[in-house]
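Please read the structure below before turning to the comments.
The values are calculated or read from the model by the stated rules, or taken from the named source; none is laboratory data. Computed from a prediction, not measured in an experiment: that's the story for all the values here. Side chains are part of the model used for accessible areas, which takes the heavy atoms of the whole protein and leaves out ligands, DNA and RNA. Shrake-Rupley method; radii C 1.70, N 1.55, O 1.52, S 1.80 Å.
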Amino acid sequence: MRRLAAVLLMFALSGCGADDVLPAPEAIASPPPAEQVPHRGVALSCGQTRVGLPAMPEGLTRAGSFGRLGSLTRPLEVKGVIWRREDEQLYVGVVCGARTAEEFVTLVARSSLTAYKGMPALRWNTRTGVRNFMWLERPGTAIYIAATPGLAAQIKYVAARVALNQTP
């Protein structure tokens, strides 16, 4: 008797729109969309100088860090963060050690000397197409920004938003 009641109940529910009560299979399988969390800036330092790097533009995810620049003519302390969008990368960091403008302008062979905010700056491209920009913000602290061609326009965006703090 119980079996017959269960079978009748099953047929009755399937004919009466019981499908509307249960969630659709595709609703169960797909999780809700993840919320985009805004990127926060990063702080790096050279001695007593703390460099506040801005929040990166939308669509970039943090992809690691770096501690060396192959373009430098001599070993200096380098600290940086890599950001990525698909195959494109943006590098932002500090180069510690160049105390004078004369020292700074000799750091990268085959670079173009220019100025940024009244400070000496260097521009150069690598064999792999990475566009590099670095300026001496204050004695001992240079800001370095580089990007693959697809993100090269972001160099100006990031450079305009760098903030320095002198720690006691």
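Can you list residues whose amide H is under 5 Å from A63's amide H, if they're 5+ apart or on another chain and H is modeled 1.01 Å from N? Here the answer is I82, W83, R84, since their amide H atoms fall under 5 Å of that of A63. Rounded to the nearest Hz, the phi-derived 3J(HN,Hα) couplings of the range 45-61 under the Karplus curve 6.51 cos²θ - 1.76 cosθ + 1.60 (θ = phi - 60°) are 9, 10, x, 7, 9, 9, 10, x, 8, x, 5, 7, x, 4, x, 9, 10, where x marks glycine and proline.
Shape call for the range 75-119 from the C-alpha gyration tensor, a ≥ b ≥ c root eigenvalues: rounded (a/c under 1.5), prolate (a/b greater than b/c) or oblate? Prolate, since a/c reaches 1.5 and a/b exceeds b/c. Pairs of Cα atoms nearer than 8 Å and 6+ residues apart set the relative contact order; for the range 61-168 it is 22 percent. Residues whose amide H falls under 5 Å from that of V162, counting only those 5 or more places apart or on a different chain, are absent, with hydrogens built in the peptide plane. From the Cα gyration tensor of the range 87-168, with a ≥ b ≥ c the square roots of its eigenvalues, which class applies: rounded if a/c is under 1.5, or else prolate if a/b is larger than b/c, or else oblate? Verdict is oblate for the range 87-168. 3J(HN,Hα) couplings calculated from phi for the range 94-106 with the Karplus curve 6.51 cos²θ - 1.76 cosθ + 1.60 (θ = phi - 60°) are, in sequence order, 10, 10, 9, x, 6, 8, 10, 5, 4, 5, 4, 5, 9 Hz; Gly and Pro show x. The portion of the accessible surface of the range 40-100 made up by carbon and sulfur, rounded to a whole percent, is 44 (1.4 Å probe; DNA, RNA and ligands excluded).
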